[in-house]
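Notes follow the structure.
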Amino acid sequence: AHPVRLSVRLHPYGEGRRLMLSRDITQLEQADAMRRDFVANVSHEIRTPLTVLAGFVETLQTLPLQDDERARYLGLMAQQARRMQHLVQDLLTLSRLEGSAPPGMDCWTGVGQLLQRCEQEARTLSVQLTPAGATPQRLVFPDAEQLLSCGELAGNPEELHSALSNLIGNAVRYTPAGGSIRVDWQLQPDGSARFAVRDSGPGIAPEHLPRLTERFYRIDRSRSRESGGTGLGLAIAKHVLQRHGAQLSIDSTLGQGSVFTVHWPAQRWRPGGASA
Ligand code: ADP
């Protein structure tokens, strides 16, 4: 009664194989399109600062400039060079992450120490980005006593640092002067742990949320560049967190701020490590 179904069952290498082949080809085409997009994005990201740098070099070579003007141009050139350094650094990080096996359960990282390092860096960045005379941002981190009971996470300390510091760095970079940033570490009753960064920044419209962790996806390109962003921070954070069995979720309200939360499964956390 159903000759077609019967023939598929009897000959799995007939119709079934054709379907598999066409699915493989579609996946290959998609991977190739993604690779081309990525190369185009990287080229664009490198070409922009290079063009600016070349322009300044030409100006310095051809125009007689006052000392203060010359110093200003050199400062802007250094800024572009740093931007390219960050980009290359982030590209290397991504490529290392893609080319290495996920970290196992044999290496543990003290969360207290990790958060202390992130706090120092965040405070330095916040001071750097606050314009002279503006109200400083308010940064709240777990206090010394809370840090002692944060325990340890299974995983690579440098990778974990890059993921958490990217989330905290974004909160600092996108929140205006006078705003506040709060970092929390909380143990859940089931033994899992939760890390959260809350900011009182501009917030993110819902239509951007699903694409935010894609490479080079930015809501406001010029703002991201101005604050030293490469467009790869969240892609790196998501990749690292996935490798560590953790999950990133983002909640945001336009005009009110954002919350980036990382959920760590119970088997990836253990108590102790306060002195680490
Ligand atoms: P970037 O280097 O541009 O910051 P990311 O991958 O870290 O790249 O972030 C992607 C984009 O997500 C940013 O360009 C910015 O538009 C948006 N974004 C990230 N974090 C925040 C935040 N805390 N508040 C508002 N927007 C954010």
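With respect to the chain, whose longest principal axis is taken over its alpha-carbon atoms, helix 157-174 is tilted by about 60°. Once the 1.4 Å probe is applied to the protein heavy atoms, region 161-276 comes out at 44 Å² accessible per residue. Relative contact order, whole percent, for region 67-190 stands at 32, derived from Cα pairs under 8 Å and 6 or more residues apart. The mean sequence distance of close C-alpha pairs (under 8 Å, at least 6 residues apart), as a share of the length of region 122-179, puts its relative contact order at 64 percent. With angles folded into 0 to 90 degrees, how steeply does helix 15-62 sit against the dominant principal axis of the chain? Use alpha carbons for both and round to 10. Once rounded, the angle reads 10 degrees. Heavy-atom accessible area for M105, with the other protein chains in place and a 1.4 Å probe, reaches approximately 90 Å². A cut-off under 14 angstrom between Cβ atoms defines the neighbours of S100, and their net charge, with Lys, Arg +1 and Asp, Glu -1, is -1. For region 50-209, give me the percentage of DSSP beta bridges that are antiparallel, rounded to the nearest 5 percent. Once the DSSP bridges in region 50-209 are tallied, antiparallel ones form about 75 percent. Mind checking the log10 I(q)/I(0) for region 18-156 at q = 0.10, 0.11, 0.13, 0.19 Å⁻¹? Debye, one equal scatterer per Cα, no solvent, two decimals. The computed values of log10 I(q)/I(0) come out as -0.71, -0.81, -0.98, -1.18. Restriction of the GluC sites (Glu not before Pro) in region 206-275 to DSSP coil positions whose beta-carbon has at most 15 other beta-carbons within 10 angstrom yields E214.
Rolling a 1.4 angstrom probe over region 144-191 with all protein chains present gives an accessible area of which 50% lies on carbon and sulfur atoms. What the Kirkwood sum gives for the chain is a hydrodynamic radius of 21.7 Å, with every pair of different alpha carbons counted.
Under the simplified labelling scheme, the Q128-T26 pair shows an inter-label distance of 4.5 nm, with each label point 7 Å from Cα along Cα→Cβ. If I compute solvent accessible area with a 1.4 Å probe over the protein chains, what percent of it on region 16-137 is carbon and sulfur? Roughly 57 percent of what the probe reaches on region 16-137 is carbon or sulfur. What the Cα atoms of region 220-270 give is an Rg and a Dmax of 13.9, 42 Å.
Near the amide H of S180, within less than 5 Å, lie the amide hydrogens of R138, S200, all on another chain or at least 5 residues away, with H placed in the peptide plane. For the modelled label position 7 Å from the Cα of A266 along Cα-to-Cβ, which residues of region 166-190 have backbone nitrogen atoms closer than 17 Å? Within reach of a label on A266, which here means backbone N under 17 Å from a point 7 Å along Cα→Cβ, region 166-190 contributes 186-190.
With θ taken as phi - 60° and the Karplus curve 6.51 cos²θ - 1.76 cosθ + 1.60 applied, the whole-hertz 3J(HN,Hα) list for region 118-131 is 4, 5, 4, 5, 5, 5, 5, 4, 4, 4, 4, 8, 7, x Hz, x standing for glycine and proline.
Computed from label points 7 Å out along Cα-Cβ, the spacing between E69 and Q85 is 2.8 nm. Estimated purely from DSSP H runs of n ≥ 4, each contributing -39500 (n - 2.57), the mean residue ellipticity at 222 nm for the chain is -18000 deg cm²/dmol once divided by its residues.
Against the chain, whose longest principal axis comes from its Cα atoms, helix 233-243 is set at around 40 degrees. The Cα trace of region 128-201 gives Rg and Dmax of 14.3, 47 Å, the first to one decimal, the second as a whole number.
Give me the tail of P(r) for region 145-276 as a percent: Cα-Cα pairs with distance above 23 Å. Above the 23 Å cut-off, region 145-276 has 33 percent of its Cα pairs. Taking all protein chains together, S149, S258 sort by accessible area into S149, S258, largest first [probe 1.4 Å].
The values are calculated or read from the model by the stated rules, or taken from the named source; none is laboratory data. Remember, predicted model here, so these are calculated numbers, not experimental data. Using ideal geometry, Cβ is built from the backbone for each residue, glycine included, and neighbour counts are taken over all protein chains shown. What goes into the accessible areas is simple: the full protein's heavy atoms, side chains included, and nothing from ligands, DNA or RNA. Shrake-Rupley method; radii C 1.70, N 1.55, O 1.52, S 1.80 Å.
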